[in-house]
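S.K.: To start, I am sharing the structure in question, which I have written as structure tokens.
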Amino acid sequence: MNRLKKKNIWFVRMLAILLVVVILFPFYYVVLTSFKPGSSFYSGSVFPKQFTLDNYSSLINNSKFLLWVKNSTILGGFSALLTVVVTMFGGYAFSRLRFPGRKYGILFLMVLQMFPTSVAMVAYFKMLQIAGLLNTLTGIILIMGLGNAAFGTWIIRNYLNSIPTEIDEAAYIDGANYWQTFWKVLFPLMMPILATQFIMTFIGVYNEYMFSVILLFDPSKYPVGVGIKGFLASNYSVNWTVFCAAAVLGSLPIIILFLLLQKNITNGLTKGAVKS
């Protein structure tokens with residue numbers, strides 16, 4: 001029996017190592033390619049024989065890359081913040097308050113979330129045009145921030161359902177009202193799921209392409225995805241080494257944010273996953 005357990009453990013370890021290699025190899029290859037001379041993505045060896053910083057220099061000096069990264073960070077940060085605020089109160093309402101339509105209201109939100117965003121693209125375009133927010137970062141922030149609110153509300157509602165209501169009742173007995181109970185008791189307990197909601201929304205908006213390419217016309221307002229696409233498309237052939245350099249630098253804000261919030265992400269993803 002012990003031998004069988006050891007074999008199973010080694011099998012799981014080897015499988016985990018294989019998965020890690022498969023997942024990390026593309027990132028490893030992109031990083032190395034960004035330091036290669038020339039413009040080809042493929043070479044005779046996986047490890048380049050020469051290293052150069054020309055690709056990074058060309059990207060920063062010959063394009064508005066830093067501005068595009070700034071725009072993407074603004075879009076991701078404010079959209080994620082808007083989503084967190086809306087879903088925080090929405091999840092609390094569906095979890096703790098009792099009102100008509102509460103049961104089917106959350107299901108209605110989930111049904112709306114299932115429709116592809118491309119279906120509403122014309123409506124979004126017209127709404128922003130009427131509101132005077134077309135070709136603005138504010139318009140994209142409102143669309144992306146509120147567009148992610150339905151699923152986020154459901155997630156936070158499930159998370160709050162995993163927190164015993166006795167905590168609320170104890171606060172009421174001590175004289176706290178709804179607002180005091182929310183801010184001083186439940187809000188600190190919600191930090192893991194709010195951090196998770198923030199980073200997941202940030203990543204989704206930071207990597208967003210379709211809304212930006214349709215609703216933004218000014219190159220100075222492009223996010224990094226649209227900007228790099230236009231920069232590379234301006235040449236007759238794609239410079240893949242510069243593209244890899246853009247991929248490496250463009251991923252840094254997401255990596256930094258993930259490292260800052262990683263302690264809260266695991267708890268936010270696991271707690272409340274089975275209780276609804």
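S.K.: For region 191-210, what are the residues that are at pLDDT 90 or above, under 22 Å from R157 (Cα atoms) and hydroxyl-bearing (S, T, Y)?
M.R.: Residue satisfying the conditions is T201 alone.
S.K.: Output the residues belonging to region 80-102 that are among the polar types (S, T, N, Q) and under 14 Å from F151 (Cβ atoms). Talk me through it step by step, then tell me what you get.
M.R.: We begin by selecting, within region 80-102, every residue among the polar types (S, T, N, Q); these are 83, 87, 95.
Matches in region 80-102: T83, T87.
S.K.: OK, next. Restricting to region 68-96, give me the number of residues that are aromatic (F, W, Y) and within 19 Å of L216 (Cβ to Cβ). Quick ask: steps written out before the conclusion?
M.R.: Within region 68-96, the subset aromatic (F, W, Y) is 68, 78, 89, 92, 94.
Add one more test, that the residue is within 19 Å of L216 (Cβ to Cβ), and what stays is 68, 78.
Qualifying residue count for the region: 2.
S.K.: Let me ask something additional. Give me the residue from region 86-106 that is assigned to a helix (DSSP H, G or I) and small (G, A, S) and, out of that set, farthest from W179 (Cα to Cα).
M.R.: Here is the first cut: in region 86-106, the residues assigned to a helix (DSSP H, G or I) are 86-96, 102-106.
Subset that is small (G, A, S): 90-91, 93, 95, 105.
Working: G90: 14, G91: 14, A93: 12, S95: 15, G105: 23 Å.
Checking each candidate, the answer is G105.
S.K.: Ok, one more. All but one of (1) under 11 Å from A150 (Cβ atoms); (2) within 24 Å of the chain's Cα centre (by Cα) hold for G105, so report the exception by its number.
M.R.: Single failed check for G105: (2).
S.K.: Write out, first by first residue and then by second, each pair whose Cβ atoms fall under 9 Å of each other, whose residues are 6+ apart or on separate chains, and whose first residue, in region 81-93, is of a type outside the set (S, T, Y) while the second is surrounded by fewer than 20 Cβ atoms within 10 Å (Cβ to Cβ) and not in a helix (DSSP H, G or I).
M.R.: What qualifies is A93/F99.
Condition check ((1) touching a strand residue (DSSP E or B) at 6+ places or on another chain (Cβ under 6 Å); (2) surrounded by 15 or more Cβ atoms within 10 Å (Cβ to Cβ); (3) of a type in the set (A, V, I, L, M)) across all residues:
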position: F99; (1), (2), (3): no, no, no
position: G139; (1), (2), (3): no, yes, no
position: Y159; (1), (2), (3): no, yes, no
position: A176; (1), (2), (3): no, yes, yes
position: M190; (1), (2), (3): no, yes, yes
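S.K.: Does T83 qualify as being more than 22 Å from P188 (Cβ to Cβ), of a type in the set (S, T, Y), part of a helix (DSSP H, G or I) and modelled with pLDDT of 85 or more?
M.R.: Working: more than 22 Å from P188 (Cβ to Cβ): no; of a type in the set (S, T, Y): yes; part of a helix (DSSP H, G or I): yes; modelled with pLDDT of 85 or more: yes.
So T83 fails the test.
S.K.: Under 8 Å between Cβ atoms, at least 6 apart or on separate chains: pull out the pairs that start in region 160-188 with a residue that is over 18 Å from M88 (Cβ atoms) and end on any residue that is part of a helix (DSSP H, G or I) and hydroxyl-bearing (S, T, Y).
M.R.: What qualifies is Y172/T181.
S.K.: Select from region 201-220 the residues that are outside any loop (DSSP other than H, G, I, E, B) and among the aliphatic types (A, V, I, L, M) and write down the one among them that is farthest from Q129 (Cα to Cα).
M.R.: Initially, region 201-220 is screened for residues outside any loop (DSSP other than H, G, I, E, B), giving 201-206, 210-215, 219-220.
Checking the rest, the ones that are also among the aliphatic types (A, V, I, L, M) come to 203, 205, 210, 213-215.
On the way: I203: 27, V205: 21, M210: 17, V213: 15, I214: 12, L215: 10 Å.
Taking the candidates together, the pick is I203.
S.K.: Right, something else. Considering (1) touching a Leu at 6+ places or on another chain (Cβ under 9 Å); (2) of a type in the set (F, W, Y); (3) at pLDDT below 90; (4) more than 17 Å from T165 (Cβ to Cβ), say which one Y222 fails and leave the rest.
M.R.: Here Y222 meets the rest and fails (3).
S.K.: What are the residues in region 108-146 that are under 20 Å from the mean Cα position of the chain (by Cα) and of a type in the set (S, T, Y), if any?
M.R.: Those that are under 20 Å from the mean Cα position of the chain (by Cα) and of a type in the set (S, T, Y): T117, S118, T138.
The values are calculated or read from the model by the stated rules, or taken from the named source; none is laboratory data. Because the structure is predicted, anything quoted here is derived from the model rather than measured. With ideal geometry, Cβ positions are generated from the backbone for all residues, glycine too; neighbour counts draw on all protein chains shown.
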